[in-house]
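As structure tokens, the structure follows; a few thoughts come after it.
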Amino acid sequence: MNEVLRVVENEVQLVALAIFVGMYLVRLNWLRSLRSPWETAAPKASAARGVLLSFGSVFLPWTMESTRKHFAVYVEFALFHIAVAIAILASFALPYAPQLLPQPVIYVSLFFLALGVVAGLIRIRRRLVNVNLRAINTPDDYFAITVVSLWFAAALWGLGTMSDLGLTVYFGLTALLLIYVPLGKVSHYLYMPFSRFYFGYTFGRRGVTVRKSQWRYN
């Protein structure tokens, strides 16, 4: 391992992670300062069930009309986010717990990272060719999807070859993303748990949830 890679995967990563956590805490403090409206009506159903349904619907696409009608887009979404999870976990496992990455795990990771790259390219193409998406997309949208797709490719390169250059590029992009996430388009990762909880709590309490029959695939 050369000195540049050692610094990038350790000191640089830790500094970037500290910046990420600091900015995340600032965002959390801002979220806490926002006052949500009080529910004045008596509860009609279980808020807890609503929260469970809100989070669970991500894994049950047939419960949502949009994903029932566009299942291919859901598969693309799932593969993209599986690749995100693998790239994040690998950035910790490689320098600090390499024993968690035996050869079979690496092969499976490479497979899903490759699918993540394909899903990213499909998303970029859709934003470029779809007139409606072009009308609402900003430069940050294009930058976010492009840099994350490049991150997958770098993880694929680094894990697949274990070369110093490939791993240096991978960890360098990881550090960039750690600093960028709280500031750019990818910050929706930070808000998703809160929005899902609030959405599920509010509509669950009001009794506005999917029917039990919808939880079974037909």
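Just so you know, all these numbers are worked out from the coordinates, no wet-lab data involved. Predicted model, so just to flag it, every value in this text is computed and none were measured. Using ideal geometry, Cβ is built from the backbone for each residue, glycine included, and neighbour counts are taken over all protein chains shown.
Observations
- Helix axis angle, 164-180 relative to the chain longest principal axis, alpha carbon, degrees: 40
- The chain: angle of helix 47-56 to the longest principal axis, Cα-based, in degrees nearest 10: 40
- Treating r as the C-beta distance of Lys44 and Phe197 and R0 as 30 Å, the FRET efficiency rounds to 0.95.
- Packing, as the average of other Cβ atoms within 10 Å across residues, places the peptides 158-169, 185-196 in the order 158-169, 185-196, highest first.
- Mean separation of Cα contacts under 8 Å, 6 or more apart, over the residue count of the chain: relative contact order %: 39
- Alpha-carbon centroids, segment 137-156 and segment 60-115: separation in whole Å: 16
- Rounded to 10°, Cα long-axis angle of helix 103-129 versus longest principal axis of the chain: 70
- Within the chain, helix-based [θ] at 222 nm, where runs of 4 or more DSSP H residues each add -39,500 (n - 2.57), nearest 500: -24000 deg cm²/dmol
- Peptides 79-86, 123-130 ranked from most to least packed by the mean count of surrounding Cβ atoms within 10 Å: 79-86, 123-130.
- Checking every one of the GluC sites (Glu not before Pro) in segment 1-94 against DSSP loop status and a limit of 12 other Cβ atoms within 10 Å picks out Glu39.
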